[in-house]
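A quick write-up on the structure given underneath.
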Amino acid sequence: LFVYNLDMAFITINKQNFYHNLNQIALKTGSIEKIAIVLKDNAYGHGLELMGTLASECGIKHAVVRKTTEAVLIKPLFETVLILGDKIIKDEKYSFAINSLEDIKYAQKGAKVELKVDTGMHRNGIALDALDEALALIQKNELELVGVMTHFRSADELGSELFWQQKQFESVKKRVKEAGFIGVRVHSHNSAAILRTKHFDEDLVRVGIGAYGYNELPDSFDQLELRPVMALYAKKVSSRVVKVGERIGYGGEYIVENEMSVSTYDLGYGDGWCRGDAQNPYITCEGLPILGRVSMDFISLASQKEEVCVMNDAQAAAKQLGTISYEITTALSSDIPREVI
Ligand SMILES: *Cc1c(COP(=O)(O)O)cnc(C)c1O
């Protein structure tokens, strides 16, 4: 297969799968140029600059990050970079989400801003009844309004809540237009919302998890076929034969039932791999249960292979570990080498 020089766990990034996912999403938006790739949190653990470069090579023109420190690293790759939560400064390429009225007060004059409207998630954004005040303040403080956005609280669940929030957002769009703002891009869809939308008519989608290959929608929606981009490998550190009755790892939670060869691999919770529960062990994508507790830097497996694939589908792994794909990939340390295949 693929040989990495450093003696360390590593992550492969499957470029073809990434492009496949972006193309699937472009079928919904009508164009690749309407996709803003969400690269926050180290591109959901896939690698910020790496994924930024691949996205840009695929024709993606817009990116979304959380902080300006992330935006700096990918700035040359995109036409616009939306920063979701940081000090608002004037910049040619950056636009900043307005999360509260205070954000408008403290923004640097001339800065590009995108007004986030709270249509029901009640996490961030301007309340509907403060919209006029916010728009007036944006004008008074000489900010450049380049976008209006909202975020859905349950796009990935059955039920009518999404439609109720969408309806609220329609009225917001109308009010912004009536207030005389022009050239303002509107966007509300995350991955789940665009995957279930039949008629897309906004300017942009903000796609994170879907681009990385996961669809967290219930099976009852028609599904686009997405392909996981990331696979996680660990390398063998040492091997030994263990006898019946011997115990492996901290707490000796795994008790050997038949003499066997066991190897230690260089991945642990210090690398961001979930510690899980030794009594209900994670089973790798090659079918090997982790034997005993996950250590900070090591796991034990009944294998002799030099390298093992621990995970090649974060959604499947998340099901085993009682979480969601986002948490599995995002937690992986940025120190693990990432390599494009
Ligand atoms: C993270 C985020 C997204 C992307 O969500 P996915 O479910 O990963 O597609 C979109 N919009 C905002 C405001 C976000 O914070």
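The values are calculated or read from the model by the stated rules, or taken from the named source; none is laboratory data. Note that the structure is a prediction, hence the values are computed from the model and not measured. Backbone-built Cβ (ideal geometry, glycine too); neighbour counts: all protein chains shown. Heavy atoms of the whole protein, side chains included, go into the accessibility calculation; ligands, DNA and RNA do not. Shrake-Rupley method; radii C 1.70, N 1.55, O 1.52, S 1.80 Å.
Observations, loosely collected:
- When the residues of region 38-52 are filtered to those that are in contact with a Gly (Cβ under 9 Å, 6 or more places away or on another chain) and closer than 15 Å to ILE13 by Cα, the one that is surrounded by the most Cβ atoms within 10 Å (Cβ to Cβ) is ALA43.
- Of all the listed residues (TYR265, TYR254), the sole one being open to solvent by less than 20 Å² (accessible area, probe 1.4 Å) and touching a Leu at 6+ places or on another chain (Cβ under 7 Å) is TYR265.
- Filter result (open to solvent by 10 Å² or more (accessible area, probe 1.4 Å) and assigned to a loop (DSSP other than H, G, I, E, B)) within region 119-134: MET121, HIS122, ARG123, ASN124, GLY125
- Residues (open to solvent by 10 Å² or more (accessible area, probe 1.4 Å) and either outside any loop (DSSP other than H, G, I, E, B) or polar (S, T, N, Q) (or both)) located in region 135-153: ALA136, LEU137, GLN139, LYS140, ASN141, GLU144, LEU145, VAL146
- Helices (runs of 4 or more DSSP H) within region 32-95 that include 1 or more residues away from the ligand (no atom under 14 Å from the Cβ) and out of contact with any helix residue (DSSP H, G or I) (no Cβ under 8 Å at 6 or more places or on another chain): 48-57, 68-74
- Residue count for region 236-249 satisfying the condition of being crowded, with 17+ Cβ neighbours inside 10 Å, among the β-branched types (Val, Ile, Thr) and within 35 Å of the chain's Cα centre (by Cα): 1.
- Per this entry, TYR233 is not counted among residues that are of a type in the set (Ser, Thr, Tyr), more than 22 Å from the chain's Cα centre (by Cα) and either surrounded by 13 or more Cβ atoms within 10 Å (Cβ to Cβ) or within 16 Å of the ligand (Cβ to nearest atom) (or both).
- Considering ALA155, ALA134, the condition of being within 15 Å of the ligand (Cβ to nearest atom) and either within 19 Å of ALA97 (Cβ to Cβ) or touching a strand residue (DSSP E or B) at 6+ places or on another chain (Cβ under 8 Å) (or both) is satisfied by ALA155 alone.
Yes/no per residue for (1) in a loop (DSSP other than H, G, I, E, B); (2) within 19 Å of the chain's Cα centre (by Cα); (3) closer than 20 Å to THR80 by Cβ:
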position: LYS173; (1), (2), (3): no, no, yes
position: VAL176; (1), (2), (3): no, no, yes
position: GLY183; (1), (2), (3): yes, no, yes
position: SER188; (1), (2), (3): no, yes, yes
position: TYR214; (1), (2), (3): yes, yes, no
